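Below you'll find the structure, written out as structure tokens, and then a few comments.
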Amino acid sequence: MVSALSIINGRIVTPEGVIDGGVLVRDGRIAAIGAFDIPGDAERIDAAGKLIAPGLIDVGIFAIDPPAFTAGGITRAVLMPDRAQPIETVALVQHAAAAGKPRVWVHPLAAATRGLAGVELAEIGLMREGGACGVATGRQWVADSGVMHRLLSYAGALNLRTVVHAEDAALAGSAVMSDGETATRLGLAAAPAEAEALAVARDLLLVEATGAPLHFRQVTTARALGLIREAKRRGLPVSCGITPAHLLLADSAVTGFRTFAHLSPPLRGESDRQACLAAIADGTIDLICSGHDPQGPEAKRLPFGDSEPGMAGAETLLALSLTLVRDGLIGLERLFDMLAGAPARLFALPGGLIEVDGEADLTIVDPHAPWRIESDKMVAMAGNTPFDGLPVQGRVVRTIKGGMPIL
Amino acid sequence: MSNSPTRPVDGREVHPFPHRHLTGIAGLQPHEIAFLLDEAEQWVQLNRGTAKHDDRLAGLTLINAFFENSTRTLLSFEIAGKRLGADVVNMAVAQSSVKKGETLIDTAITLNAMRADMIVIRHESSGAVQLIADKVDCPVLNAGDGRHEHPTQALLDALTIRRRKGRIEGLIVAICGDVLHSRVARSNILSLTALGAEVRVVGPPTLLPPAIERMGVTRFTDFDAGLDGADVVMMLRLQRERMAGGFVPSPREYHALYGLTYDRLAKAAPDALVMHPGPMNRGVEIASNVADDLERSAITEQVEMGVAVRMACLDVLTRARRGVPGW
């Protein structure tokens with residue numbers, strides 16, 4: 001165990017802006033920022049002009065995959081309850097919470113309903129005591145509005161944020177794509193993009209009725225983002241996330257039946273993609289997440305309609321998100337707020353920003369380093385990325401968890 | 001000096017068909033489609049003679065791997081292979097046992113290991129044929145994958161139209177019925193628009209795919225308006241399970257609104273050709289008297305052209321393998 005760690009010669013990403021200097025870590029916490037005297041006993045890391053940023057907090061992952069998280073600069077991850085056995089007991093919460101240590105701290109979301117079936121409330125109060133940082137409906141939408149109303153009232157009173165999948169199940173049906181030219185040409189079952197806004201509209205009304213905080217795990221359409229923008233203006237306690245895939249790819253990425261581009265929610269048309277970028281720029285979208293969901297060939301090397309949705313996103317999250325900064329859409333401070341600060345605030349987690357006395361969860365990033373995303377070279381449990389072959393810029397060079405360098 | 005086969009197109013000499021597989025009409029150039037139709041003509045003649053046999057595929061093995069039930073397409077490919085002298089093996093895969101998982105890829109690898117020289121595949125999932133084509137060494141022909149494509153059906157339809165009308169370019173073709181679930185419709189839209197026809201899709205809004213206009217067609221929900229002045233009326237099969245209220249209220253209502261009767265056909269051009277890929281639901285999408293009208297209906301001719309077109313495809317796709325000079 002390193003007692004003191006001195007990271008010097010960096011550009012520190014703080015909520016107030018990027019400043020030159022270093023970060024001094026002692027006993028797992030940040031002791032000083034900027035200029036400081038380096039203690040004699042400190043291990044030194046020379047950042048050599050690279051960014052010193054807060055460790056990323058990835059909201060809504062489906063697999064505990066420490067190598068991928070560490071490679072991606074992710075030091076905390078909020079875990080979806082969709083496990084082989086859904087997280088619906090205290091024991092399962094605690095088991096999941098311990099699974100990534102010491103490299104990554106996993107913060108489980110409690111299953112909102114028993115077996116994630118959307119019918120009966122799970123023991124979310126007990127699971128909160130056991131360490132759940134919120135509740136989640138899982139991969140599926142809760143179709144029963146009565147259940148959803150009771151869930152929000154109950155979870156809200158426990159100060160737990162409810163994470164939902166925004167897709168009206170009846171309208172989505174068995175669709176594997178969003179309506180559009182690509183789905184029509186490929187002959188794949190598709191649903192109107194309105195399935196998302198329909199779900200968002202109902203849940204916003206229930207948030208208004210209950211006052212309970214709610215997080216839409218991924219919002220990907222202009223209509224739904226418009227509803228959330230308006231709800232936020234009225235002061236409702238709602239937040240939402242998105243993955244880089246929905247910001248950088250449209251449904252045309254599925255052409256050729258590429259199952260790595262089979263995602264849930266599905267990739268949308270170009271106008272929705274543009275609306276997502278606008279919602280990043282104006283602050284409607286609170287956070288960017290990886291949706292990390294590694295799926296091996298047995299789930300992906302199938303006809304598109306039979307394949308499982310999901311992408312392995314952890315180790316490409318930062319590089320892809322940096323595109324938004326390079327394109328001038330947002331600044332570095334805001335990017336790291338979306339990748340670390342906002343997740344910490346929304347789910348009451350330690351870390352998320354660089355401040356004196358804060359958790360020493362850090363990542364050192366070379367924002368210019370060029371590399372190529374290659375599916376078969378990924379360290380994740382599986383390399384299912386729709387970005388296979390894409391040249392990107394920006395690489396995590398060190399990841400430090402609780403003051404301990406692990407990459 | 002290249003000795004590859006060429007064909008003059010727009011003043012240039014091009015390879016007539018530089019593809020390993022036939023997984024769809026998408027990706028084919030108009031002149032490549034026309035080449036397959038031209039090649040099929042000789043087989044129409046052969047098939048009308050008494051000695052319907054040619055030995056060019058002698059010694060080659062054709063495997064028909066049908067993961068979805070079929071009678072006429074399977075039979076058509078089998079006859080096509082046999083008339084060209086190939087050893088034909090039909091593999092009817094039970095729906096339940098081989099459907100998902102690595103099994104599909106494993107099946108492909110197995111067929112490949114048995115040294116098939118041509119594999120014809122039908123599968124219920126869109127994209128399944130491409131998945132197999134990527135894994136095997138021999139030519140793969142798509143005999144229908146999900147709602148995606150059914151290229152030999154589009155070729156036989158184009159050949160039928162070309163023979164009956166003398167041309168395809170400039171014709172108005174109305175494709176009517178369940179376009180949403182139809183691979184026949186998709187392949188026909190691609191091939192007929194490529195060959196210069198004006199294509200309309202006509203049907204109830206619940207059975208027309210979104211953004212279908214992006215494929216270069218005009219969309220009609222009014223049957224009469226869609227038929228107005230059409231030179232070819234191509235009816236599609238409506239699956240029984242879709243008639244019961246899910247997509248249309250009932251077979252009776254469907255027939256009243258979208259069934260092809262003589263009254264309806266009167267809206268089309270006076271010499272309009274009636275087509276149907278079969279099998280027909282008589283009294284639902286098409287009235288029996290229209291279907292059986294030898295003057296107007298080309299339905300049996302479509303079946304005949306099917307064998308010829310499939311012979312042409314099997315011949316062309318195996319030329320490299322057979323060492324035909326230049327291929």
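The values are calculated or read from the model by the stated rules, or taken from the named source; none is laboratory data. None of the values given here were measured: they were computed from a predicted structure. Positions of Cβ are generated from backbone atoms using ideal geometry, with glycine treated the same way; all protein chains shown enter the neighbour counts. For accessibility, only protein heavy atoms count, side chains too; no ligands or nucleic acids. Shrake-Rupley method; radii C 1.70, N 1.55, O 1.52, S 1.80 Å.
Tabulated data
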| quantity | calculated |
| --- | --- |
| Bins of 5 Å, starting at 0 and running to the largest distance - Cα pair percent for the range A:284-364 | 3, 13, 18, 20, 16, 11, 9, 7, 2, 1, 0 |
| Fraction of beta bridges assigned by DSSP in the protein assembly as shown that are antiparallel (%, nearest 5) | 35 |
| Protein-only accessible surface order, largest first, of A:Ile30, A:Ile8 at 1.4 Å | A:Ile8, A:Ile30 |
| Packing-based ranking, highest mean first, of B:297-305, A:237-245 given that Cβ atoms within 10 Å are counted | A:237-245, B:297-305 |
| Chain A: angle of helix A:222-233 to the longest principal axis, Cα-based, in degrees nearest 10 | 60 |
| Mean Cβ count within 10 Å, highest first, over the residues of peptides B:216-223, B:17-24, B:138-145 | B:138-145, B:17-24, B:216-223 |
| Taking N as its residue count, the alpha carbon Rg of the range A:192-263 over 2.2 N^0.38 Å | 1.26 |
| Estimated FRET transfer efficiency (B:Arg12, B:Thr71; beta-carbon r; R0 35 Å; 0.05) | 0.25 |
| Chain B: relative contact order in percent, alpha carbon pairs under 8 Å with at least 6 residues between | 19 |
| Overall Cα dimensions of the protein assembly as shown, principal axis frame, Å, largest first | 99, 64, 46 |
| Average beta-carbon neighbours from other chains, 10 Å sphere, peptide A:188-198 | 2 |
| In degrees, nearest ten, helix A:270-281 long axis to first principal axis of chain A (Cα) | 40 |
| Contact surface A-B: accessible area buried, both sides summed, square angstrom, 1.4 angstrom probe | 1700 |
| Helix-only [θ]222 nm of chain B, DSSP H runs n ≥ 4, -39500 (n - 2.57) each, per residue, nearest 500 | -10500 deg cm²/dmol |
| Average beta-carbon neighbours from other chains, 10 Å sphere, peptide B:203-211 | 3 |
| Accessible-area ranking of B:Asp231, A:Asp37, largest first, probe 1.4 Å | A:Asp37, B:Asp231 |
| For the range B:160-231, size of Cβ-based charge dipole, Lys and Arg +1, Asp and Glu -1, in debye | 440 |
| Rh by Kirkwood over Cα pairs, then Stokes-Einstein D for the range A:133-256 at 1.567 mPa s and 4 °C, µm²/s | 86 |
| For chain A, calculated [θ]222 nm from helices alone, where every DSSP H run of n ≥ 4 adds -39500 (n - 2.57) | -7500 deg cm²/dmol |
| Cα gyration tensor shape of the range A:360-407, rounded if a/c is under 1.5, else prolate or oblate by comparing a/b with b/c | oblate |
| Extent along principal axes [Cα atoms of the range A:262-317; Å; largest to smallest] | 40, 24, 13 |
| Solvent exposure, largest accessible area first (probe 1.4 Å, DNA, RNA and ligands not counted), of B:His123, B:His15 | B:His15, B:His123 |
| Kirkwood Rh, angstrom, the range A:72-152 [1 / mean 1/r, Cα pairs] | 12.7 |
| Charge tally in the Cβ shell below 14 Å around A:Ile8, where Lys, Arg are +1 and Asp, Glu are -1, A:Ile8 excluded | 0 |
| nm² value of the averaged projected area, convex hull over the Cα atoms of chain A | 18.1 |
| Nearest 10 degrees, 0 to 90: helix B:299-317 Cα axis against chain B principal axis | 30 |
| Model label zone, A:Asn9; criterion: amide N under 11 Å from point 7 Å along Cα-to-beta-carbon; scope the range A:46-66 | A:46-50 |
| Pairwise label distance in nanometres, A:Ala117 with B:Asp106, each label 7 Å out on the Cα-Cβ vector | 3.2 |
| The protein assembly as shown, dipole about Cα centre (Lys/Arg Cβ +1, Asp/Glu Cβ -1), debye to the nearest 20 | 720 |
| Accessible surface, per residue, of the protein assembly as shown when the full set of protein chains is kept, probe 1.4 Å, Å² | 37 |
| Filter on B:Lys52/B:Lys267; A:Lys232/A:Lys300; A:Lys101/A:Lys377 - keep pairs with C-alpha separation over 30 Å | B:Lys52/B:Lys267; A:Lys232/A:Lys300 |
| Number of partner chain Cβ atoms within 10 Å, mean per residue of A:295-308 | 5 |
| Normalised alpha carbon radius of gyration of the range B:203-290 [divisor 2.2 N^0.38 Å] | 1.06 |
| Segment B:Lys82-B:Ser4, extension gain: residue separation times 0.36 nm, minus the distance between their alpha carbons | 25.3 nm |
| Paired Rg and Dmax values of the range A:64-107, which use every Cα atom, in angstrom | 10.4, 31 |
